[in-house]
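Here the structure is laid out as structure tokens; the discussion comes afterwards.
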Amino acid sequence: MKYLTKDETQRLYQQIYNDTGIHRKRNIALFEIVKYCALRASEVSILKITDYNKSSKTLYCKRLKGSNSNTIKIVDEHVLKALEDYLEDRLHLETSSPYLFLSQKGSPISRKQMDFLMKSYCQKADIPENKHHMHALRHSRAIELIEHGFDVNDVQYWLGHKNPDNTFKYLSYTSCLQKRLFNELARLEQGEYAERFA
């Protein structure tokens with residue numbers, strides 16, 4: 001499984017935000033949403049404007065590959081700003097397309113185009129070539145949520161996994177739960193030691 005380290009993620013997003021092209025706002029919002037919601041590239045292309053609820057700050061994510069669709073609340077102000085900055089421009093485009101992220105031709109952004117963007121930004125950020133895939137952002141988000149201490153069930157919901165085994169595979173890539181286990185065990189054993197010699 002390929003995922004980005006914290007440093008690699010920071011370098012990648014620095015390159016995305018440094019983009020000066022005409023699609024800068026779209027690309028920033030796209031990459032922020034992809035990682036935050038742990039979306040597959042194919043799931044990004046089917047997002048619609050109506051999937052975003054501005055008042056509740058939620059995004060409905062239609063999951064593919066037999067996963068559970070879910071609604072994600074955007075509590076990260078950074079991600080929220082990126083999306084709403086893009087939407088200001090997106091809503092003024094002369095197009096009847098219902099899709100959120102569009103190509104230059106006005107069609108839903110393709111997986112091929114997202115792959116091209118990811119490879120381009122990763123090269124500029126000096127990220128190892130074997131991580132130049134959009135799916136690495138989904139894996140990175142899963143690891144990040146676990147490192148933050150979220151329960152496996154919460155991570156399963158966030159990623160839309162039907163099978164919990166698909167979520168448990170991430171545990172071998174993080175030492176967070178091991179640290180919590182050892183700390184809790186040490187706390188319990190210290191209590192038992194104190195009682196035994198009281």
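The values are calculated or read from the model by the stated rules, or taken from the named source; none is laboratory data. Please read these numbers as outputs of a predicted model, since none were measured by experiment. Cβ atoms come from the backbone with ideal geometry, glycine included; neighbour counts cover every protein chain shown. Note: areas computed on protein heavy atoms with side chains; ligands, DNA, RNA excluded. Shrake-Rupley method; radii C 1.70, N 1.55, O 1.52, S 1.80 Å.
Overview of results
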| item | result |
| --- | --- |
| Helices (runs of 4 or more DSSP H) enclosed by segment 6-73 - at least 2 residues per element that are free of Cβ contacts under 8 Å to residues at least 60 places away in the same chain and either within 28 Å of Q156 (Cβ to Cβ) or in contact with a Phe, Trp or Tyr (Cβ under 6 Å, 6 or more places away or on another chain) (or both) | 6-18, 24-37 |
| Leading residue by the ranking (farthest from I33 (Cα to Cα)) among those in segment 157-198 that are of a type in the set (D, E, K, R) and at pLDDT below 75 | R196 |
| Criterion: over 30 Å from P164 (Cβ atoms) and either touching a residue at least 24 places away in the same chain (Cβ under 8 Å) or open to solvent by less than 80 Å² (accessible area, probe 1.4 Å) (or both) - qualifying residue of L117, L137, L80, L93 | L117 |
| Filter result for R138 (charged (D, E, K, R), in contact with a Leu (Cβ under 9 Å, 6 or more places away or on another chain), modelled with pLDDT of 70 or more and assigned to a helix (DSSP H, G or I)) | yes |
| Any chance S45 is of a type in the set (G, A, S) and within 16 Å of the chain's Cα centre (by Cα) | yes |
| Lone qualifier among E84, E144 - being over 26 Å from E8 (Cβ atoms), touching a Lys or Arg at 6+ places or on another chain (Cβ under 9 Å), of a type outside the set (S, T, N, Q) and assigned to a helix (DSSP H, G or I) | E84 |
| Qualifying residue in segment 149-156 (condition: modelled with pLDDT under 95, assigned to a loop (DSSP other than H, G, I, E, B) and under 27 Å from Y17 (Cβ atoms)) | yes |
| Yes/no for Y36 being open to solvent by less than 60 Å² (accessible area, probe 1.4 Å) and in contact with a helix residue (DSSP H, G or I) (Cβ under 6 Å, 6 or more places away or on another chain) | yes |
| The one condition in (1) under 15 Å from E32 (Cβ atoms); (2) under 18 Å from the mean Cα position of the chain (by Cα); (3) open to solvent by 10 Å² or more (accessible area, probe 1.4 Å) that N68 fails to fulfil | (1) |
